Ligand SMILES: Cc1cc2nc3c(=O)[nH]c(=O)nc-3n(C[C@H](O)[C@H](O)[C@H](O)COP(=O)(O)OP(=O)(O)OC[C@H]3O[C@@H](n4cnc5c(N)ncnc54)[C@H](O)[C@@H]3O)c2cc1C
């Protein structure tokens, strides 16, 4: 008999798991609470602008290629990628910025201009990062995090020192210039923790950044990837149902039997939840949960974010596709996220203009603008606070980059803690899951398989390997292989 699988949510991890399982003949249905699919990577349209709601950095193209290759397809069968040059620009003050080029040679020249002798050091640093990346991809990240033995390989043992130190100290061993150090610490911010709390092994992110480059999915941006994966999954037989919030997971004799969504019962043999872990456990009886409330409370969550989607009635002339504003005290803002959670006095932020690369994302002559300010989860989120930050940020953009913005706004929408909770059932309004600190890596991550309920599994950014789009694709593959082993489809 074909096994019936219900997958909760339609984020990258859920669609990935669904594709692998449907490919092996399982009967898979995705139930998504929202009107549209893609989870944190949904898109919306307004006044001729198309906004990617979450991710905008396409890193680690090898992981996407591997996903499509697993089904004898190629990325190019679905979308084309453009390598961005410059990859991004980092502002440190008024008209004071560094641009990161599209290859290591260009980047090392830029480094040399800021610190004599640093180009050679960069090559050495990057050679180590590349070795770690290969080990991570071949030996670590596709593992389910079930046993410490998974991590013990010749490659990892030889590179043990990278788990005993952190990325901040590692970078400081090579470089003195503060701007260069900040640029090399930036990629691990994607993993949700401070550089001093992130193992140096995660210099794999530096290889992802400088080594593999920053790409853009043409004709549609990041949501183009979601659409492509839905197309492939549908081809394999996956059924997608939007507007279906799962309110209960049905359990009999410690075995799943189905879910209740919109008052209807959907019977099944297996459930995989790609929704936030803590929320999923609220759908089952208390005594059958994997983790208590205090477990979650002690965890280091990745930040939440204050986001703005803005339409501008002008073309941007002085900035890049991706812009980072590091013109304030990085340590102070990080401390306001992790150590002493509060609204930041003077925030770092990220500014993205996808329509500089893809005019289809904004009306002719106009620009699509996305702003992200990382903040601590669970902060008091009120309209007047959001407005105040927008005003401050726009002023900074105008002063630091010399580009007039405020007078050209024709569309504006914000998204913050309250929306992460109401739209995604996110724990404390976190934006991208659990941080990859040492003790929240691999075997220390919340488990993929329920310890108490047969047939219940978890996937996504709160499980292995962690936050980000590529890890979510990998997480879907990992959970599907466990399901295939536990419930062979005969
Ligand atoms: C603002 C922002 C910027 C980011 N930038 C980047 C980036 O540039 N590059 C990158 O690689 N990553 C980035 N990330 C991280 C990346 O987007 C996420 O790690 C990834 O999309 C998470 O996918 P997921 O499958 O784990 O879960 P999600 O995308 O969160 O999907 C979970 C889904 O479950 C649904 N759901 C919840 N409860 C229920 C229920 N009861 N019933 C039915 N459905 C339910 C939700 O609606 C949601 O659709 C960013 C994230 C955010 C928020």
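No lab work stands behind these numbers, since they all come straight from the coordinates. This structure is a prediction, so every number in the text was calculated from the model and none was measured. Using ideal geometry, Cβ is built from the backbone for each residue, glycine included, and neighbour counts are taken over all protein chains shown.
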> Taking the mean number of other Cβ atoms within 10 Å as a proxy for protection, how do you rank 22-34, 166-178, 273-285 from highest to lowest?
Replying inline: 273-285, 22-34, 166-178
> So how many Å³ per residue does the convex hull of the Cα atoms of the range 350-420 work out to?
Replying inline: 113
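Please work out whether the range 84-124 counts as rounded, prolate or oblate from its C-alpha gyration tensor, where a ≥ b ≥ c are the square roots of the eigenvalues and a/c under 1.5 means rounded, while otherwise a/b larger than b/c means prolate and anything else oblate?
Values: a/c = 3.11, a/b = 1.32, b/c = 2.35.
The shape class here is oblate.
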>> Angle check, please: helix 12-23 long axis (alpha carbons) against the longest principal axis of the chain (alpha carbons), in degrees 0 to 90, nearest 10.
In response: 40
> Does the range 300-424 classify as rounded, prolate or oblate by the C-alpha gyration tensor (a ≥ b ≥ c root eigenvalues; a/c under 1.5 gives rounded; else a/b over b/c gives prolate, otherwise oblate)?
Replying inline: prolate
>> Quick check: the angle from helix 469-486's long axis to the longest principal axis of the chain, C-alpha only, nearest 10 degrees?
In response: 20
>> Based only on other Cβ atoms within 10 Å, what is the fewest-to-most ordering of 202, 162?
In response: 162, 202
> According to a simple spin-label model (label point 7 Å from Cα along Cα-to-Cβ), what is the distance in nm between residue 160 and residue 231?
Replying inline: 4.9
>> So if the hydrodynamic radius of the chain is defined as the Kirkwood radius over C-alpha pairs, what does Stokes-Einstein give as its diffusion coefficient at 20 °C and 1.002 mPa s, in µm² per second?
In response: 93
> Once the piece of chain linking residue 212 and residue 329 is laid out straight, how much longer is it, given 0.36 nm per residue of separation minus the C-alpha distance between them?
Replying inline: 39.2 nm
> So for 423, 94, fewest C-beta neighbours within 10 Å to most, what's the order?
Replying inline: 94, 423
>> Need the full-extension length gain, residue 65 to residue 105, defined as separation in residues times 0.36 nm minus the C-alpha distance. One decimal, nm.
In response: 11.9 nm
> Taking other Cβ within 10 Å of each residue's Cβ, how do 40, 161 sort, fewest first?
Replying inline: 161, 40
> How compact and how long is the range 369-490, expressed as Rg and Dmax of its alpha-carbon atoms in Å?
Replying inline: 19.9, 65
>> If you average the alpha carbon positions of the range 373-438 and of the range 11-89, how far apart do those two centres end up, in angstrom?
In response: 23
> What fraction of the Cα pairs in the range 316-360, stated in percent, has a spacing above 11 angstrom?
Replying inline: 70
> Highest mean first, what order results for 83-89, 403-409 on Cβ atoms within 10 Å?
Replying inline: 83-89, 403-409
>> To check you understand DSSP bridge types, tell me what percent of the beta bridges within the chain (both residues inside) are antiparallel, rounded to 5.
In response: 70
> Which angle between 0 and 90 degrees, to the nearest 10, do you get for helix 383-401 versus the longest principal axis of the chain when only C-alpha atoms count?
Replying inline: 40
>> I want to check the label-to-label distance for residue 73 and residue 398. Put each point 7 Å from Cα in the C-beta direction and report it in nm to one decimal.
In response: 4.6
> Once the mean 1/r over all distinct Cα pairs of the range 146-283 is inverted, what Kirkwood radius in angstroms do you read off?
Replying inline: 19.7
>> I'd like the distance between the alpha-carbon centres of the range 301-333 and the range 99-153, rounded to an integer number of Å.
In response: 25
